[in-house]
Amino acid sequence: MGDLSGKVAIITGAGRGLGREEALQLARQGARVVISDIDMPDAVEAARQTVEDIKALGSEATLVLGDCADTNAAANLFKTALDTYGDVNIMINNAGFCRDQTLFGMDDEQFDSVVRVHLRGHFVNMRNATKYWRGKAKAGEEVYGRLISTASEAAIFGSAGQANYGPAKAGIVAMTMGAAQLMIKYGVTCNVIMPRARTDMTNAGMTAELFAAPEQGFDAFNPENVAPLVGYLSSPEAGHISGEVMVVWGQQVDVIQRPSFGPNFQNPRGGKWEIEDLHTSLSEYFTADHTPVLDGFSVPPQ
Ligand SMILES: NC(=O)c1ccc[n+]([C@@H]2O[C@H](COP(=O)([O-])OP(=O)(O)OC[C@H]3O[C@@H](n4cnc5c(N)ncnc54)[C@H](O)[C@@H]3O)[C@@H](O)[C@H]2O)c1
């Protein structure tokens, strides 16, 4: 089950946190892994450690440094993977950082940098992988392609203190759904995970206390708990699962249902709505005690 022998995986942001656990997971399943992270001292040291730990498992790993959102760095990452291992089969977009702030407190740089690292970071790497797999398919070659994006529940529920991160993650979901539609005819799957885990990112944010390790018992927010789903979605067994979004943490996976239309209202007088008609129709549904969704982020009990 889940055998990835001979397969080649790229993981961005694999020096630390979730990316590191996902890299180790894929290596345990037999994949050769290209570790990527930003060229900054802490990140480089961590990424080198991930490579060493994978080698200690008896698997192969290569380190490529660079900014995940930079077109040239992403091209270099993909080319190095191809030159080193001869193919790319699994592309895991994971790298990113937060600069949390409410809408009114956020400056342009905070917005641009977070949208860039997450949304553009996914875009440039997804473009490289999907173009490569499409090219192989068109040349009549066999294709094994698995694309996994990393979003967040902030994308669907909103996050009042993350006016940059939530929209960036929502863009990632939309981009991955489009990729799934494009790539289905080539047998390539494209899915999104929305993890919850204790990492440097969450230790610095508003979930730090919530995600703290328990003194005893199962550590639900250990990032190790997220990696098996990534391993499964990368595997041959999951070849028919595409265009899905899954929240993953602890011992559970929640499949997010596809959005669908809710209540439908037709103008009772026909033709273009008048304000009065809308009020008559919609006030039946939006009654005075209708509760607006103020904060979607909640951690249901396991
Ligand atoms: N931890 C959670 O609960 C949680 C929840 C939802 C989504 N996520 C997402 O999971 C992913 C991994 O986050 P994490 O929690 O492991 O955080 P983390 O901070 O532990 O790891 C992020 C990694 O990305 C790297 N990175 C940052 N900027 C980069 C860049 N420009 N180019 C290349 N690498 C870069 C960092 O150096 C680091 O190794 C992120 O996309 C994050 O938004 C995490």
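The values are calculated or read from the model by the stated rules, or taken from the named source; none is laboratory data. If you're wondering where the values come from, they're calculated on a predicted model, not measured in any experiment. Note that we place each Cβ from the backbone using ideal geometry, even for glycine, and neighbour counts take in every protein chain shown.
Go through segment 51-69 and report how many residues are more than 8 Å from the ligand (Cβ to nearest atom) and either surrounded by fewer than 18 Cβ atoms within 10 Å (Cβ to Cβ) or within 24 Å of Phe123 (Cβ to Cβ) (or both). Explain how you work it out, then say what you get.
At the first step, the residues of segment 51-69 found to be more than 8 Å from the ligand (Cβ to nearest atom) are 51-65.
Next, only the ones that are either surrounded by fewer than 18 Cβ atoms within 10 Å (Cβ to Cβ) or within 24 Å of Phe123 (Cβ to Cβ) (or both) stay: 52-53, 55-58, 60, 62-65.
Count: 11.
Yes or no: Ala31 more than 11 Å from the ligand (Cβ to nearest atom), on the phi < 0 side of the Ramachandran plot and of a type outside the set (S, T, N, Q)?
Yes, satisfied.
Does segment 37-48 contain any residue that is within 12 Å of Asn89 (Cβ to Cβ) and surrounded by fewer than 22 Cβ atoms within 10 Å (Cβ to Cβ)?
So far as segment 37-48 goes, no, none of its residues is within 12 Å of Asn89 (Cβ to Cβ) and surrounded by fewer than 22 Cβ atoms within 10 Å (Cβ to Cβ).
Looking only at helices (runs of 4 or more DSSP H) that lie completely in segment 34-128, which have at least 3 residues being polar (S, T, N, Q) and at pLDDT 95 or above?
Numbers: elements: 41-56, 71-85, 108-115.
Answer list for segment 34-128: 71-85.
For Thr80, indicate whether it is among the hydroxyl-bearing types (Ser, Thr, Tyr) and surrounded by fewer than 19 Cβ atoms within 10 Å (Cβ to Cβ).
When the stated conditions are applied, Thr80 passes them.
From the list Ala208, Ala220, Ala197, Ala213, pick out the single residue that is in a loop (DSSP other than H, G, I, E, B), over 23 Å from Gly30 (Cα atoms), within 16 Å of the ligand (Cβ to nearest atom) and under 17 Å from the mean Cα position of the chain (by Cα).
Working: Ala208 fails: under 17 Å from the mean Cα position of the chain (by Cα); Ala220 fails: under 17 Å from the mean Cα position of the chain (by Cα); Ala213 fails: under 17 Å from the mean Cα position of the chain (by Cα).
On inspection, the qualifying residue turns out to be Ala197.
Just checking, how many residues over segment 189-245 are within 20 Å of Arg16 (Cβ to Cβ), in contact with a Ser or Thr (Cβ under 8 Å, 6 or more places away or on another chain) and among the hydroxyl-bearing types (Ser, Thr, Tyr)?
0
For Asn225, state whether it is of a type in the set (S, T, N, Q), within 16 Å of the ligand (Cβ to nearest atom), more than 19 Å from Ile156 (Cβ to Cβ) and modelled with pLDDT of 95 or more.
Spelling it out, Asn225 is indeed of a type in the set (S, T, N, Q), within 16 Å of the ligand (Cβ to nearest atom), more than 19 Å from Ile156 (Cβ to Cβ) and modelled with pLDDT of 95 or more.
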